[in-house]
Every structure is written in structure tokens, then in C-alpha cells.
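What follows is calculated from the coordinates using simple rules that are stated; it is not laboratory data. Small disclaimer: the values here were computed from a predicted structure and weren't measured. Positions of Cβ are backbone-derived with ideal geometry, glycine not excepted, and every protein chain shown enters the neighbour counts.
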Amino acid sequence: MGCNCKKCREKRQRDEVVVSPTETVVKTRTRTRVVKHIHPTEIINVNRTVVRNEHYFPVTERQVNETVEENFNCGSNVNNNQNCRPFWSI
């Protein structure tokens, strides 16, 4: 095992041993993993037709000639129209 002489024994007794706390070393191995994210898009193309309805109101004028007939019963005396009454009230 080692020397056990007086000189070696004294040296061993003089040597002071100091133990430091354990140092932690982290070794990281990284690997890359691909995750594909798909975001679909739908495009709707709208073809629009606009119908514009225009309304016009033309006005025309015309003249009408109207004849109104009135019938009177005036009796038998042609020279006296004082006796005339509407025909329907007899």
C-alpha cells in the first residue's frame, strides 16, 4: 500500500485535504423535430350582377267634349216654359 515510515506518516498527517462541493456539468443533446402546421384558405369569387330598374311616368293630356242632355216636361203650351219640370219627377 504505501510507505509506513515515520517520515511518510508525518507527511500524511500534515497534508490537509479539502473537498469542494461537487460541480454539476449539464451536457445537453438537442435534436430538431419538424411539425408542419397547415392553415388552409378558401377564396370565394363572387360574380354579382346589379339590375337597375328605372321607372318613368310620362303624362299625357287630352281634351274630351262632353254633351249633357236634360229632359224636361213642359206640358202642352209651347209658348210657356214656366211649367217645365224635370222629366223624371213627373
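At a glance:
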{"read-out": "Qualifying residue in the stretch 31-42 (condition: touching a Cys at 6+ places or on another chain (Cβ under 6 Å) and part of a loop (DSSP other than H, G, I, E, B))", "value": "no"}
{"read-out": "Subset tally (residues that are of a type outside the set (S, T, Y), loosely packed, with under 10 Cβ neighbours inside 10 Å and more than 60 Å from the chain's Cα centre (by Cα)) for the stretch 51-90", "value": "12"}
{"read-out": "Qualifying positions in the stretch 41-77 - among the aliphatic types (A, V, I, L, M) and under 30 Å from W88 (Cβ atoms)", "value": "V64, V68"}
